[in-house]
Amino acid sequence: MENDFYNLFKRIIRECNYTNTYKMAWAKALVEIAIEKEYTDKIVEISLKEIAEKIIKYYWNQTIFFDLIQGSNLTETPLILQYTKQLIGEYYESIENKKPERFERVENYIKESLTNEYNYCINKTVKTLKADVSWRFIFIDGQTHTEIYQYNKGENYIKISSTNLKVLKENSEDLFDLINYRWGLILETFNISPRINKKVKIIDEQKVKRNSLSKFREYLDIENPERKCFICGKKIDEKDLSIDHVIPWSYLYSDDLWNLVYVHKSCNSCKSNVIPAKKEIEKLKERNQKLIKMLESSNKRGKMVDELKYANEKDYVDKFWIACKS
C-alpha cells in the first residue's frame, strides 16, 4: 500500500487549479530540497527563502529561454514572474548583452554583482509565497492537511517530517515527471507556443542548447547567393555572416528553413527576441515562395524541401506569427 502522504502529495499536483503555476513551482522546490537535505532530526524546518531560491531558478530558466506565460490573467503577470523578469532585465543590463543563460550558470555572478537586486527578488517572492502559496498548498477539501507539512500563516518556514522528506527523495524521479507534465498542461492553457511540455522537460534536464544552422546554408545560398542581409539589405562579409530566425527561436524552439534567413551578426544582435513587423513577415513569405520554386527547378529534394513546401501550403509564417503576437 502506498504511503498516504505520497498519495496526497500527488493528488495536490494532479488536482491543482489552472490559475497560475505557483503550486507546481512550490512542489518541485520541496522535492529538490528533499534530495539535498540531511535528515538528522525528526522534524525539519525549511525556510521560505530556500524555497523562493528554487522557484526563482525555475521561472528564470523558463522565462529567459521561452518567455512562457505563467498565469491565466493575461493583463496581470503573476508577481513572482514580475520579480524574476525584473531580475533578468537587471542581469542583461549588467552584462550589456541579451545572451540567455541558465540560472545555475550565472547564479554566483548575480549574487555577487547584483546582490541588492537578487535579495529584493527573493524577499518579494517570499512575501508572495507567504501570502498565496505556503498555506494554500496544504488546504484541500476545506481543511488544512498538516500531515503534509505544518505551516502557521505569517511564519518564514514550514515544518516537515524527515519521513515525508525521505518519501519525496525516494520518489523524486516520478514526482519530477508528474510535476513537469502537469506544469506543461497548465502552461498550454495560457500559451499558444508549440512544444510546451518539451520546453518544460528540456529545461529541467538542463539540455537547452542551440543547434548549428550551417546545414541550411546550401539552401539559403540558392535563393540568396550574394548573401544580402534580410534586415538591412546590404551584402554580408563571411566573417559577419549569421543565420537568423525571423520568428524568434525562443517562441518556436525549432530550426526550420521557412523561418531562417541570412543577416549581419550586428543586425541579429540588435533584433534580439523582438516579434517581427508585418512588413518583415510579408517579405519572408515572398522569400519562401521564391525559394521553393528555385529548389524545385534545381531538382533539390529531401526533408527540408518537403517541409518548406508544406509550410508554404499551410501558411506557417502567418499562423505562427499571429500566435507569437498573441
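Quick notes on this one:
- Any hit, the stretch 18-39, residues being among the polar types (S, T, N, Q), farther than 29 Å from CYS270 by Cβ, buried (at least 20 other Cβ atoms within 10 Å of the Cβ) and out of contact with any helix residue (DSSP H, G or I) (no Cβ under 6 Å at 6 or more places or on another chain): yes
- Residue in the stretch 247-255 that is out of contact with any Cys (no Cβ under 6 Å at 6 or more places or on another chain), outside the structural domain of ASN97 (by TED's automatic domain parsing) and either at pLDDT 90 or above or aromatic (Phe, Trp, Tyr) (or both) present: yes
- Residue, nearest to VAL126 (Cα to Cα), within the stretch 15-27, restricted to residues that are at pLDDT below 95 and outside any loop (DSSP other than H, G, I, E, B): ASN20
- LEU187 crowded, with 19+ Cβ neighbours inside 10 Å, closer than 24 Å to GLU38 by Cα, of a type in the set (A, V, I, L, M, F, W, C) and in contact (Cβ under 8 Å) with a residue 60 or more places away in the chain: no
- Counted residues, the stretch 284-326 - those being surrounded by fewer than 16 Cβ atoms within 10 Å (Cβ to Cβ), among the polar types (S, T, N, Q) and at pLDDT 90 or above: 2
- The C-beta contact set for the stretch 169-182 (first residue in the same structural domain as ALA25 (by TED's automatic domain parsing), second residue in a helix (DSSP H, G or I) and loosely packed, with under 14 Cβ neighbours inside 10 Å, distance under 7 angstrom, 6+ apart or interchain) comprises LYS169/ILE35; SER172/ILE35; ARG182/ARG14.
- The stretch 224-267, residues that are more than 23 Å from the chain's Cα centre (by Cα) and part of a strand (DSSP E or B): LYS228, LYS235, LEU241, SER242, VAL261, TYR262, VAL263, HIS264
- Residue within the stretch 240-252 that is over 26 Å from TYR92 (Cα atoms) and surrounded by fewer than 17 Cβ atoms within 10 Å (Cβ to Cβ) present: no
- Condition check for ILE192: part of a helix (DSSP H, G or I) and within 21 Å of the chain's Cα centre (by Cα): no
- Number of residues in the stretch 268-309 that are in a helix (DSSP H, G or I) and under 11 Å from LEU257 (Cβ atoms) equals 12.
- Comparison of ILE46, ILE64, ILE55 shows that the only residue that is surrounded by 15 or more Cβ atoms within 10 Å (Cβ to Cβ) and outside any helix (DSSP H, G or I) is ILE46.
- The condition (being without any contact (Cβ under 8 Å) to a residue 60 or more places away in the chain and assigned to a helix (DSSP H, G or I)) is satisfied by just one residue among GLU76, GLU93, GLU38: GLU93.
- When SER242, SER254, SER269, SER250 are checked against the criterion of being without any contact (Cβ under 8 Å) to a residue 60 or more places away in the chain and small (Gly, Ala, Ser), SER242 stands alone in meeting it.
The values are calculated or read from the model by the stated rules, or taken from the named source; none is laboratory data. A quick note: this is a predicted structure, and the numbers were derived from the prediction, not measured. Don't worry about glycine lacking a Cβ; one is built from the backbone with ideal geometry, like all the others, and counts go over all protein chains shown.
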